[in-house]
Every structure is written in structure tokens, then in C-alpha cells.
Amino acid sequence: MAAGQELIDALTSLRLIAPELDPSLHEKMTELFPFVIAALSSSFSVVRSTAAKCLAALCDVVTEHGMRLVVDTVVPLVGDAKRTASRQGAVEAIHRESAT
């Protein structure tokens with residue numbers, strides 16, 4: 001339970017500070033995308049929702065890299081017939097991307 005809350009806190013913190021980070025840190029920020037995308041497949045809806053919001057914020061900051069990953073990694077999750085959580089997380093992330 002505590003690990004899940006720590007993940008939610010970390011994703012929320014990243015979402016809030018990403019727009020304020022110096023552009024020299026953007027390359028380091030791109031290293032976090034795979035972890036945020038992995039959280040989209042969580043079996044917990046609150047983790048998926050928080051990850052989707054975080055991914056949208058990261059894409060606002062590092063747009064070219066982020067959107068490439070969304071197209072290459074997140075969109076294919078919509079077709080994951082074996083994992084409902086992956087599909088739900090991907091759809092929420094795509095919705096968040098279109099809303100920003």
C-alpha cells in the first residue's frame with residue numbers, strides 16, 4: 001500500500017515540477033518516460049490516472065520526444081487484448097494528451 005502511494009506522490013510531483021525545470025534538464029527528463037508509460041498498465045486505476053496526467057505534463061515540456069513515445073508505445077497498448085488495464089491506461093493517456 002505504501003509503495004503505491006509513493007508512486008502516486010512521485011508521479012504527481014514530477015507532473016507539477018516538470019514545467020518549471022530548466023531546459024538543460026529536459027534530456028534527463030526523457031529517461032523517465034518509460035517508467036511513466038509502464039505505470040499506465042497498473043491494475044490500480046488511480047495509478048493509471050496519475051501516470052496519464054504525468055505523461056501529458058511531460059509531453060507538454062518535451063513535446064517531440066514525448067509524442068513520439070506516445071505514438072510508438074502508448075497507442076499500441078490500445079490493442080492489448082490480454083490486459084484490460086493496459087488498454088484503459090492507454091486510452092486515458094491519449095485522452096489527456098488531446099485535452100492539453
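The values are calculated or read from the model by the stated rules, or taken from the named source; none is laboratory data. The structure displayed is predicted, hence computed values, not measured ones. Don't worry about glycine lacking a Cβ; one is built from the backbone with ideal geometry, like all the others, and counts go over all protein chains shown. Only protein heavy atoms, including side chains, enter the accessible area calculation; ligands, DNA and RNA are left aside. Shrake-Rupley method; radii C 1.70, N 1.55, O 1.52, S 1.80 Å.
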Among residues of the stretch 18-36 being of a type in the set (A, V, I, L, M, F, W, C) and without any contact (Cβ under 8 Å) to a residue 40 or more places away in the chain, the residue most open to solvent (accessible area, probe 1.4 Å) is F35
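Every residue, every condition in (1) modelled with pLDDT under 95; (2) within 11 Å of the chain's Cα centre (by Cα); (3) assigned to a loop (DSSP other than H, G, I, E, B), yes or no:
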{"site": "Q5", "(1), (2), (3)": "yes, no, no"}
{"site": "D9", "(1), (2), (3)": "no, no, no"}
{"site": "T12", "(1), (2), (3)": "no, yes, no"}
{"site": "I17", "(1), (2), (3)": "no, no, no"}
{"site": "S24", "(1), (2), (3)": "no, no, no"}
{"site": "M29", "(1), (2), (3)": "yes, no, no"}
{"site": "P34", "(1), (2), (3)": "no, yes, no"}
{"site": "I37", "(1), (2), (3)": "no, yes, no"}
For the stretch 52-100 the number of residues that are outside any helix (DSSP H, G or I) and open to solvent by less than 80 Å² (accessible area, probe 1.4 Å) is 2
